[in-house]
Structures are given as structure tokens and as C-alpha cells.
1. Enumerate the residues in segment 182-218 having an amide nitrogen under 19 Å from the point lying 7 Å beyond the Cα of Ala250 toward its Cβ.
2. Name the aspartates and glutamates eligible as straight-distance cross-link partners of Lys107: C-alpha to C-alpha under 16 Å, and not fewer than 8 places from it in the same chain.
3. What nm distance separates the two modelled labels at Ser70 and Glu215, each placed 7 Å from Cα along Cα→Cβ?
4. For the pair Ile98/Asn136, report the inter-label distance in nm, with labels modelled 7 Å from Cα in the Cβ direction.
5. How far apart, in nanometres, would the label points at Glu186 and Asn63 be if each is projected 7 angstrom from Cα along the Cα-to-Cβ direction?
Amino acid sequence: MKYRLYFTLIICVIFALSCHENVINPIEEESGIYSFYGAIQVGESFNVVRVKDLNEAFLNDSNEFRGEVSLSDLETGNLLTLRDSIIAYPAGYTHNFIIEDEIEHNKVYSIEAVRADGEKSQSIATTPGKTEINLNPQNEFYECNDRITFSFGNVVDQEFIDLRISAEYQGEVRQADMRFYLQFFEHNEDQDVVQLNISPHNLLVEVFPPNSILENPTLNPFTVDPIITCNQLSSDTLIITYTHFGREWAPARPVIRGLLNIDSGDVTGGLGLFGSFYRNSIELPLAQ
């Protein structure tokens, strides 16, 4: 979002590398034992982590994975040996390791890949707590220009929130990740709350941006209008999907907008990024 190109990459790993955008650099140019690319979703019992032996050529003609990959719950000590799911391409193979246990809130998970000679790579993901969401004011319906304070609770230091806005226009659902208003999130670390004060009109700027803001990314988004307004929508409901990122994403997050750095360095003895997130959505009813 912004950095969504890299995030959707990691989400595509979750869905066996079937996603809308492919942004992985296929060549690993730095030293290490293994690389991890994965985002485990709280509440889900099917997650995937891509693991690569950095000492093998990318265009490897063997589907053998030399090592063992496991996931540990550091609180309970529960150890799960992960099953390899091999994806074959014309020029080689990708190893996607399946996590079948449900991922829980407020847990610390460690993933580890060990070679036969004992050399290993390891990474840790701390899952976020359940997000508490509140809207102020709490109206039955919202006018297009009503300013609403979205409050996301239980967001501790280094965790953050991102939004995706869905609106229906001419019978087609249009979606967009938060880009232009990303810098206006405010994090109250004393109360573990992230807030955003914004109107439905502003949210539609994300989905239907005018050329002025596309051509001038430094423009204040509160000073522009969407090319499609509330009364032109096919549905009187906006869907707000929020993603609560765990703390391991903090070094990968751009300051304002840009791409997530999925090689942000949280893997000991390797490359990549292993993080967690929680996702849910709410409906925002509009007055018509």
C-alpha cells in the first residue's frame, strides 16, 4: 500500500502464490541459509510460507527440499512440522509450506528451517490482539460529507492499521487500498488506539481519484473531490476492510506511501519477511 503491491505478494503466498500482482525478485543476491516469505492471518487455519534454500540456483531442476521447516508456539511450546507443497514452473520449483493449525491472537510464533548439517534460519511473528473498532458519531446513516472518527483499539506500539474501501458503481464493485490518507492516521500509544477522521466523500477519493491527485501525489487529499460521488453509487453501503498488522511489519512500512520492503531483515540467518495480521470489515451505511 502505496505498499499494497508487496503486501498482495505475501497474501498471494497464502493462497499458493495465486494473486493479482507478482513483485518478488526471483534472484536472491545476498548470503544466508533460507528465505521466508509469508504472512500468517489470525483466525485462519490455512496459511502458507514460501521457503527457499538460498544456496540453490533459482532455476533448479530438482523438487527436493533439503531441510525441515517447523512452526513453534513459543508460549505453549507446541511444535508443528510443516508440510511442503511444491509448485512446479517450467523452469523450476517453489516450496510453499502449509500451516494447518489455526493462528491465534496475541501469540508469538517462530518459524525455523534447518538443514541436515544443522545450519538454520529463523524468524518470529507476534500476532496482534483482536481489533476493537468504534465510529464516532454512531449514526444509522451517514451523509457523504459527515466527518467520522474511526477508532481502532488494541493496536500496540509498532502495530498499524490499513484500510481497503469498496464501493459499487454501475453494478460493479470498485476497490482501493488506502493511499492518499495514509499519513493522517494518528496513533495514541498510551491508549493503544489508532484513529482516522474522514468522511465518506474523502473515502471515495481513494476509490475514484481525480487526475489532479494522481499527477501530484503531494496534494492534500482533503482538498480534492472524487470523480464519482455518493449519490452516483449503485449501493448505499461502503465496505471498509481493515487490516491490523503485527509489529514485525513496522520496519517494512513506508513513512507515507510506497511499497512494503519485504526484505526488511527480520529473518535470522536468511532473507525475507515473516509477519502476521488480522483482517475484518464493517459496513458504512450512506443516506440517500
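1. Answer for this model: 183-195.
2. Glu44, Asp73, Glu75, Asp157, Glu159, Glu248
3. 6.0
4. 4.6
5. If labels sit at Glu186 and Asn63, their model points lie 5.6 nm apart.
Every number in this text was worked out from the coordinates using simple rules, so none of it is lab data. Nothing here was measured: the structure is a model prediction, and the numbers come from that model. Cβ sites come from the backbone with ideal geometry, for glycine too, and all protein chains shown count toward neighbours.
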